[in-house]
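Taking it in order: structure first as C-alpha cells, then the write-up.
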Amino acid sequence: MRILLVEDEKKMASFIQRGLKEQHYAVDVAYDGEQGLFLAEVNTYDLIILDVMLPIKNGLSICQELRKKNQDVPVLMLTARDEVDDKVLGLDAGADDYLTKPFAFEEFLARVRVLLRRKRKEKTTKLKVADLELDQISHKVQRCGKELNLTSTEYALLEYLMLHVNQVVTRTMISEHVWNENFDSFSNVINVYINYLRNKIDEGFPKKLIHSIRGTGYILKE
Ligand code: CA
C-alpha cells in the first residue's frame, strides 16, 4: 500500500513517515502543497494524508483539485486547529476523514486502515487465501498455521497480492503500490522479491500459490 504524506513541519512529517514505514507502507513525502499536488497527479496512491496549512497551496485546494479531476483516492486531512469550520471545509473539499493534531498514533493508524479498506467488500483486517493468512494489524503471516518471517518489503508485496487474489497483477501495478518514489522501475527488484516470497510462502508446500504470467506479472491463486 502506497501513501502520500503532505506535511510541511519536518519533524511531524518524519515522525509520521517513520510510523507508517514501520507498518510496512511505502511512503512518499511532500513538504509543500505544489509538490504534493504534483506527486498526487503523477503517481498512484492508495491514500493521501494532507495537512491543511501548507506553503504555496493549502490542503483544502489540493483536495478540491484532485476531486475536480475525478481522483477518488481516499484523503485523510490533518490540522493543528480544532475548529468545527475547518472540519466542515475539509469534508466539503472532498476529504474522507479528518484528524486534529496532536493525535494518538494508534488512532491515526486505525483511521488509515479504515480508509485503505474502503473499497474492499470485506471489511476485515485478516486476509486469507487457501491456508495462507495475513493479519494487517499484528503483521503476522502464517501458512498452515506455521508462522512465517517476512521482511517489510516481502510483507507489503504479499499483502498486495492477497488483496488482488485470483487477479493478474502486473509489474507496473506492483511498482506503483508496493514501492515509493525511490524505486528504480528498470531494475529486476520485483522478480527478486517474488522469489524471496516464493521461498517463504510456497517452498515445501505441495500446493503453490504464487504463479508467474509470462511477460505480464504474477497471480496469487487459491
Ligand atoms: Ca502545516
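Which pairs do you get when a residue that is more than 13 Å from M53 (Cβ to Cβ), found in the range 5-16, comes within reach of a residue that is among the small types (G, A, S), reach meaning Cβ atoms under 8 angstrom, with the pair 6+ apart or on two chains? Sorted first by the residue in the range 5-16, then by its partner, the pairs are L5/A13; L5/A30. Note on the range 21-80: residues that are among the aromatic types (F, W, Y) and more than 18 Å from R118 (Cα to Cα) total 2. Residue check: A95 meets all listed conditions (1) touching a Cys at 6+ places or on another chain (Cβ under 8 Å); (2) within 13 Å of the ligand (Cβ to nearest atom); (3) among the hydrophobic types (A, V, I, L, M, F, W, C) but one, namely (2). Within the range 47-63, not a single residue is more than 16 Å from the ligand (Cβ to nearest atom), surrounded by fewer than 22 Cβ atoms within 10 Å (Cβ to Cβ) and in the same structural domain as D96 (by TED's automatic domain parsing). So which residues in the range 129-158 are open to solvent by 10 Å² or more (accessible area, probe 1.4 Å) and under 18 Å from I3 (Cβ atoms)? Result: Q136, I137, H139, S152, T153. Taking every residue in the range 116-128 that is part of a strand (DSSP E or B) and pairing it with any residue that is open to solvent by 50 Å² or more (accessible area, probe 1.4 Å), at least 6 positions away or on another chain, the pairs with Cβ-Cβ distances below 9 Å are K126/E133; K126/I137; L127/E133. Of everything in the range 74-93 that is crowded, with 20+ Cβ neighbours inside 10 Å and assigned to a loop (DSSP other than H, G, I, E, B), the residue that is farthest from the chain's Cα centre (by Cα) is A93. The residue of the range 164-184 that is nearest to L47 (Cα to Cα), among those that are assigned to a helix (DSSP H, G or I) and open to solvent by 40 Å² or more (accessible area, probe 1.4 Å), is E176. The condition (being open to solvent by less than 10 Å² (accessible area, probe 1.4 Å) and in contact with a helix residue (DSSP H, G or I) (Cβ under 9 Å, 6 or more places away or on another chain)) is satisfied by just one residue among V29, V6: V6.
The values are calculated or read from the model by the stated rules, or taken from the named source; none is laboratory data. Bear in mind that the values here come from a model prediction, so they are computed numbers and not experimental data. We place every Cβ from the backbone using ideal geometry, glycine too, and count neighbours over all the protein chains shown. Calculation scope for accessible area: heavy atoms of the full protein, side chains included, ligands and nucleic acids excluded. Shrake-Rupley method; radii C 1.70, N 1.55, O 1.52, S 1.80 Å.
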